[in-house]
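Quick one: the structure is below, questions incoming.
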Amino acid sequence: MLVDVNLLQKKEKKASFLLIFILVAVIVLAAAGIFAWKMYQTQVAKEKQLETVLSQYKEEKVLKEQSLSKADSDNGVEQLKAAIAWAEETDTSTSFLLRHITSLLPERGYLMNFSFAEGKTADLSIQFDSSREAAFYLKSLQNSSYIDEAELLSIATESISSEEDTVEEENVLPRYMASYRFVVNEKALQKGEGSP
């Protein structure tokens, strides 16, 4: 009988370490994959929720724009009706008022600008040869029965030469630009319009 005697030590296999490493790597990859899948599902759910909210906001926006446009058109109609009612109610003639204020001007007074506002207030700019004429015109406006209040807002001097190209000190004539504001007496103006 033969006996097999081996005096060399047996080496342990390294396969167990490699097997543990592979097993841990598979577990980590599986956990990462599951985590990534859950995050993806969460993001998809949030996106769907945001799309739903966005579509609701778009619908609300369209409804509000329609209601605002309707309200604006209704408001515009109401404003036009109010303007027509005001125009019919205040039946004053601006041309009569202009004729009256120009009749008060001195011989060399020139109406430069006139504006009439809704609140019965009128602004006008007039050119005069002297500052005394501006003062007399203010007094004429204040004494007019068609005007309740009148005030001189400003007066400025402008130099205008009597010859075109040559400017000599003797030929320079000052001109005065005066700005006035007055309040119209509508009742008196309507009565004045009615009289011949």
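Any read-out appearing in this document is the output of simple, stated calculations on the displayed coordinates, not a laboratory observation. Everything numeric here is computed off the predicted structure, so don't read it as measured data. Here Cβ is always computed from backbone atoms with ideal geometry, including for glycine, and neighbour counts include all displayed protein chains.
Most exposed first by the Cβ proxy, i.e. fewest other Cβ within 10 Å, how do ARG181, ARG108 rank?
ARG108, ARG181
Give, as a single signed number, the net charge of other residues whose beta carbon lies under 14 Å from the beta carbon of GLU151, with Lys and Arg counted +1 and Asp and Glu -1.
-1
Let me ask something additional. Once the other residues with Cβ under 14 Å from the Cβ of GLN56 are scored (Lys, Arg +1; Asp, Glu -1), what is the net sum?
+1
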